[in-house]
Each structure stands twice: as C-alpha cells, then as structure tokens.
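The values are calculated or read from the model by the stated rules, or taken from the named source; none is laboratory data. Predicted model only: the values in this text are computed from it and were never measured. Note that we place each Cβ from the backbone using ideal geometry, even for glycine, and neighbour counts take in every protein chain shown. These area figures cover heavy atoms from the full protein model, side chains too; ligands, DNA and RNA do not enter into them. Shrake-Rupley method; radii C 1.70, N 1.55, O 1.52, S 1.80 Å.
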Amino acid sequence: FAEMQVLGDATRVHARDRPGAVAFEFEGRITSFAQLDAHVNQVANALIAAGLKPGDRIAYVGKNSDHYFELFIGATKAGVVMVPVGWRLAGPEIAFIVNNAEAKLLFVGPELVDLARANIGELGRGRTLIAMEPGSNWPTFEAWRDAHPATAPHFSPAPSDVAIQLYTSGTTGHPKGAMLTHSNLLEGRRLGERHPMPWNEWGPDDVSLVAMPVAHIGGTGWGLIGLVNGARGVVAREFDPLKVLDYIEKDRVSKMFMVPAALQIVVRQPRSREVDYSRLKYILYGASPIPLDLLRECIELFGCGFCQQYGMTETTGTIVYLPPEDHDPAGTPRMRAAGLPMPGVEIRVVDTEGRELPRGEVGEVSTRSYANMTGYWRLDDATAATIAADGWLRTGDAGYMDEDGYLYIHDRVKDMIISGGENVYPAEVESAVYGHPAVAEVAVIGVPDEKWGEAVKAVVVPKPGASIDAEDIIAFARSRIAAFKAPKSVDVIAALPRNASGKILRRELRAPYWADRARQVN
Ligand code: ATP
Ligand code: MG
C-alpha cells in the first residue's frame, strides 16, 4: 500500500502486478485490472478534453455499474470530483443535489433517462448529459471514453485533494455534501496493514459483492476496499435478494457488506435455506442498528464470520467495528455493541458542552481521525457546527463506552424520546419488539403525551397473515426491557418509510403527531 497515495495508484499498481486478474464483473462484462487502468486513463483524458479543471464536479445518477467505478477513479486522475446521486430520489431531489454540487457533466444510468428527460429544465441547464448505456440519443459513456487515449494524463492529484462528494442519507433533513479526500479513502487501508484484522485481510481469491447503492459510502466505500485490495468485485445493479443468493453461490462471493434491512430481506427468502455458503467468509453489516434476533438469525443461516461497522458519510464509513469473535449467538452482551475504534481512530463520548463523560455514561459520540471529511460543500456553518477547530467531529449519535472500550450506539440524539424524565432510545425498543412472532418490522417514535411529556409508540408492520394485538405487543416488550421503555401504544402500518440506505425515516412517522407543536430535541 505504500505505493498507493491516491486512488489512481490502485488501478496502476494492480495492472502492473496482476494485469489479467479480474477487477470487475458486471452482468457478464468482465474487466481485468489492465483494462480498468486503461479505461480510467481514457476517462481522465476525456474529462480534460471536455475542458474540466481540477476541482470541477461531475454527477452520476444511476444504479450500480462497474462503469461508475471507472468514471470515479478516472475523474480523480483529472482532479475532478465525483458526485454520485441516489437513483431512488425523486426528480426535484436529484436536481437539488446536481445543482447544489454545480456539476458540469451529468452521467445518467439507463433506468434514469426518462426521469432526467422529465426534469431536463433543472438537470440539463448548461451541462452535457452522457448516457451510461446505449438506448437514448445522448452520447454514450463507452463511445465518449474510447475516443480518448489510454495514456496516463499529465496531472497528479495530491492525497489531500477532494476525490468524492457524497451526500448524507438525508435521514434527519436535507442531504449535505460531505467532501472526502484520497487520503480519507485510502489511509484506513494502510493502517489495516499495520494492524491486521482477519475480516479486513484480502487475498487474490477474494470476491467482493457490491450490492449496496454507490450513492452511499456503504456502496462506494465498500467497492473501493475490494478494488484497492485487488479483489474481484462483483457489482450488482441493485439489491435483489435472490440475485444476492445467486452471486454467493455461483460467483463464490467471499465478503459482502449489507445493511440490516437488506439482510432481513435475504434471510426471509425460502431459497436462502438451500444455498451453499461455504465460500462466504465474512459479512460486514451496519449503517443502522440491527435487531439482535435478526443478527442471531443471520449467524445461524450463513455460518460465516460477522463484523459490524459503525460510521457515517462524514467519517468515510467505518470508524468502529465489532469483531467476529464478539458475535457469540449464545448471547454475550457484547453483541449489542457497535464495537471498538478502528486503529488510528479516537472516540469520545461527550456532554452537550463537549466535555468527555466517564465510561458508562450516555452522551454524544464524537471522533477524530484520518477518516474525517474536510467539510460539507458550501455549508460553512454546518461544517463548523460538526467539526471543531481541534478536529473532533460530532456524530449526532447517542451512545456510551464500556470499561473495555466497546462503544454502544443507542440512537441519534435527535431521535431520543424523553418520557417521564427518562431517556428512551428507539433502537433498543425496536430490538425488543422485533422478536414478537407477529411482527415483521417495527419503528419506535415519541408522541406528545399530557402525562409523560412524550410517550413511546411502536409502529409495526405485521408478518403476512398475522394480526397485531397491541396489549400483547406491549406485554412482550415489558418482558424484555424496562417498563418505562416499553411502548404505551401500538400503530399498525403496511410498510415503514425508509430511505435508500434502508434507514427508517422516523421524522416522517412522527410528523402527523407533532403537526401542531414543536418537538424539543437537544
Ligand atoms: P443525514 O445525516 O442526512 O440525516 P444519515 O445520518 O442517515 O443522514 P449516513 O451518513 O448514511 O446518513 O448515516 C450515518 C448514521 O447511520 C450514523 O450517524 C448513525 O446514526 C447510523 N449508523 C451507522 N452505523 C450504525 C451502526 N452500526 N449502528 C447503529 N447506527 C448506525
Ligand atoms: Mg448523519
């Protein structure tokens, strides 16, 4: 890794050392490292020929594709910043990000061409549109790329240059453009080499499944980890549980990252009982809290190593990990933890004034490391409110650290419910209710209450054919957690509102109850 200072070094080094090895596999299209390295140079030269300058932005709106990674690495070789935009967003939301980033070129996946056309007034303004696949009358990516030479461009980005601008998931409000540098993206790999962790070690036979959307750090970051380590990356256009099972069996996937909501869909497929998981070494999961019962179900089904990841867009993904050895289904309390800081990462739990709290006390999680973003694009106030002058970044998550240095994430500070003066964290209540046999999914929110200030409410999605008895759910929760944390009421809903990262949009569930008053959050 010493040779890898910027992302473009990764394709160059692997192309030199293992030119014929497969870098990406996407729907039957195979790209070797030699081809990938040539393609990224072509992309860089094409961007330079189009007049783009270092620091300019380009946007990608589409589902996952191997070509997205070519475009991303190629852009960084010209100093151009990639802005991937979530394809599940609505037209105006996509336009907000593309315009906010001031993207010069817009690359559109085939599924998004109609949407781009419908919003062309907003999206086409002064920018060239390029189609990722043939089928529209716009220039296509391959033709555009292949019109330029495969020689390395006359430009060298610095490790401290911004490589990607990733918008936060927008769970708590408007998405914000977190600017991440080459070293943000690469430094963790170098540290990993000095502090080997088996789940994070890669060999030439490793196959990585990239099935989470690339507009989030869990998709792009995971794709890069495999690429930098020279693994074969199997790119899934989108998350499809049956295809995931196929990739595991037929493409011999050895490592994959998945959010809990996706894992839950996979384990509920009857077909999941028939698959051969012997090649699967590790499943990395995270990005939102995981119910304990679901985690146990996964451990039993897949029989591989598990490693939790805690982090955020602003920290280039993982900063805390729960090692495989702490996943004892017999149920050590550790399985509830998010885990230990990654090497080189500092974690502190602080009070509202930013003072460090003693071990065991709940406060806001803050962090300092090589992985912290440089800031939010064009949001100086939000940046200053998030990262202090001394480099400590406030995560907005509530949690505590135990005597052994394990971090436990309760929930977002803003989602904490204050009921009768007691703090209740939705994720803990959700984990308790999730185990009820009639419950498929559950979200917990605070609703206004005369007596308690806020009262805990569970919003549940029943399992197919099951009926929900509120009293029974409440009694079940009370048998597993303290009475003051158990729901006081239960609503039934057909599906939970989630964003593309599978995160529950609790603010949407809360809104009707708080329509006529302001909710106090710290
Ligand atoms: P926005 O910042 O726009 O509201 P977001 O915070 O959901 O959206 P992301 O950066 O994708 O955007 O998500 C980071 C957040 O996800 C963390 O702050 C935390 O709340 C949650 N999270 C990540 N990993 C875990 C984990 N292992 N357990 C519990 N929560 C997690
Ligand atoms: Mg956030």
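Some notes on this structure:
- If you check G192, G188, G121, G203 for being out of contact with any Lys or Arg (no Cβ under 9 Å at 6 or more places or on another chain), more than 29 Å from N45 (Cβ to Cβ) and surrounded by 22 or more Cβ atoms within 10 Å (Cβ to Cβ), only one passes: G188.
- Sole exception among (1) on the phi > 0 side of the Ramachandran plot; (2) within 16 Å of ligand 2 (Cβ to nearest atom) for I387, by number: (1)
- Number of the exception - H174 against (1) away from ligand 1 (no atom under 11 Å from the Cβ); (2) surrounded by fewer than 18 Cβ atoms within 10 Å (Cβ to Cβ); (3) not hydroxyl-bearing (S, T, Y): (1)
- One residue alone among I73, I94 is modelled with pLDDT under 95, aliphatic (A, V, I, L, M) and under 22 Å from the mean Cα position of the chain (by Cα), and that residue is I94.
- Taken as a whole, the stretch 144-157 holds no residue that is more than 23 Å from L379 (Cβ to Cβ) and in contact with a Phe, Trp or Tyr (Cβ under 8 Å, 6 or more places away or on another chain).
- Pair list, Cβ under 8 Å, 6 or more apart: the stretch 232-249 residue part of a loop (DSSP other than H, G, I, E, B) and surrounded by fewer than 16 Cβ atoms within 10 Å (Cβ to Cβ), other residue among the polar types (S, T, N, Q) and modelled with pLDDT of 95 or more: E238/N64
- Test for F306: is it under 17 Å from L284 (Cα atoms), surrounded by fewer than 22 Cβ atoms within 10 Å (Cβ to Cβ), away from ligand 2 (no atom under 16 Å from the Cβ) and among the aromatic types (F, W, Y): no
- Near pairs, Cβ below 7 angstrom, 6+ apart or cross-chain, from the stretch 491-517 (closer than 19 Å to V447 by Cβ) to any residue that is in a helix (DSSP H, G or I) and within 16 Å of ligand 1 (Cβ to nearest atom): P497/E508; P497/L509; R506/D415; R506/P426
To keep it simple, each residue is scored yes or no on (1) in contact with a His (Cβ under 8 Å, 6 or more places away or on another chain); (2) farther than 19 Å from T172 by Cβ; (3) among the charged types (D, E, K, R).
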site	(1), (2), (3)
V345	no, yes, no
V349	no, yes, no
G363	no, no, no
S369	no, yes, no
D415	no, no, yes
P426	no, no, no
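- Those residues of the stretch 381-438 which are within 24 Å of I473 (Cβ to Cβ) and among the polar types (S, T, N, Q), in sequence order: S419, N423, S431
- Test: D390 is of a type in the set (D, E), out of contact with any Phe, Trp or Tyr (no Cβ under 8 Å at 6 or more places or on another chain) and assigned to a loop (DSSP other than H, G, I, E, B): yes
- Restricting attention to the stretch 329-381 and to residues that are in a strand (DSSP E or B) and aliphatic (A, V, I, L, M), the residue that is surrounded by the fewest Cβ atoms within 10 Å (Cβ to Cβ) turns out to be V350.
- Filtered residues of the stretch 154-183 (kept if outside any strand (DSSP E or B), more than 10 Å from ligand 2 (Cβ to nearest atom) and within 17 Å of the chain's Cα centre (by Cα)): H174
- Residues of the stretch 417-429 that turn out to be open to solvent by 20 Å² or more (accessible area, probe 1.4 Å) and either closer than 17 Å to Q308 by Cβ or hydrophobic (A, V, I, L, M, F, W, C) (or both), as a count: 2
- Scanning the stretch 482-500 for residues that are in contact with a helix residue (DSSP H, G or I) (Cβ under 7 Å, 6 or more places away or on another chain) and buried (at least 16 other Cβ atoms within 10 Å of the Cβ) returns K485, A486, P487, V490, R498.
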